[in-house]
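For reference, the structure discussed in these notes is given below.
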Amino acid sequence: MPRTPDDVVIGPLDLSARVDEALAVQAIAFGLGAEEVAVRRQIVLRHMNYPGARALGATTVDGRLAGFVYGMPNDRTHWWSTVVEPYLRAQGYDDWLDSSFVITELHVHPAYQNRGIGRGLITAITDAAAQPRSILSAIDTDSPARGLYHSLGYVDLARRVVFPSAPKPYAVMGAPLPLRRR
Ligand SMILES: CC(C)(COP(=O)(O)OP(=O)(O)OC[C@H]1O[C@@H](n2cnc3c(N)ncnc32)[C@H](O)[C@@H]1OP(=O)(O)O)[C@@H](O)C(=O)NCCC(=O)NCCS
């Protein structure tokens, strides 16, 4: 299994069993309140029953979760896909919704960021995808996440995408697989 310089091991994660640990990482990395965590918990558990859904975790030597990623083959009937479809269609990019592996969440605990763990997680999960490309959405700003995605070969397919109930607009990004290596 891949190892990062800090001896954090990336490997399969039983996300349904470890959903509370994962959401604790997401809450501190991304900034979620208790109510949002409760909502996300139900969503994550539902997502893990979708066909082809997979999760990887980055685990420390003492067994703590330092980060995680999960995703699934895109399905145009899924909520995320129905929200982004008109934005992609307007740009002529809605074919990216077919034969794509969606990265649904990627989060690394702040104490472990900037050590290659996020890069390792997303590269490992997409390397195991049968699809020829990957799509995701990220808050539409110059963030470390967007910097990482650009460096992996993701390009902007749509900007200023508004998800109901999300306060900030998102960018939808897509990359050919396998992701670009440094
Ligand atoms: C995005 C995130 C998962 C990246 O994880 P990470 O383990 O810190 O990332 P890595 O160390 O593997 O990669 C760092 C890369 O991010 C980018 N990056 C980091 N800090 C950056 C910054 N301030 N500005 C721009 N890009 C930055 C760089 O491309 C960097 O690549 P490098 O190794 O060539 O320097 C992590 O920052 C995080 O959890 N952020 C909060 C939650 C979040 O935004 N999740 C994504 C939701 S879409």
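The values are calculated or read from the model by the stated rules, or taken from the named source; none is laboratory data. None of the values given here were measured: they were computed from a predicted structure. Here Cβ is always computed from backbone atoms with ideal geometry, including for glycine, and neighbour counts include all displayed protein chains.
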Select from segment 104-128 the residues that are more than 8 Å from the ligand (Cβ to nearest atom) and not in a helix (DSSP H, G or I) and write down the one among them that is farthest from GLY52 (Cα to Cα).
-> THR104
Lone unmet requirement of (1) within 27 Å of VAL162 (Cβ to Cβ); (2) touching a strand residue (DSSP E or B) at 6+ places or on another chain (Cβ under 6 Å); (3) buried (at least 18 other Cβ atoms within 10 Å of the Cβ) for LEU97 | (2)
Out of (1) away from the ligand (no atom under 14 Å from the Cβ); (2) at pLDDT 95 or above; (3) more than 22 Å from THR126 (Cβ to Cβ), the one ASP7 does not meet is (2)
In segment 144-158, is there at least one residue being under 22 Å from TYR50 (Cα atoms), within 13 Å of the ligand (Cβ to nearest atom) and in a helix (DSSP H, G or I)?
-> no
Scan segment 54-72 and give yes if some residue there is touching a Ser or Thr at 6+ places or on another chain (Cβ under 9 Å) and surrounded by fewer than 19 Cβ atoms within 10 Å (Cβ to Cβ), otherwise no.
-> no
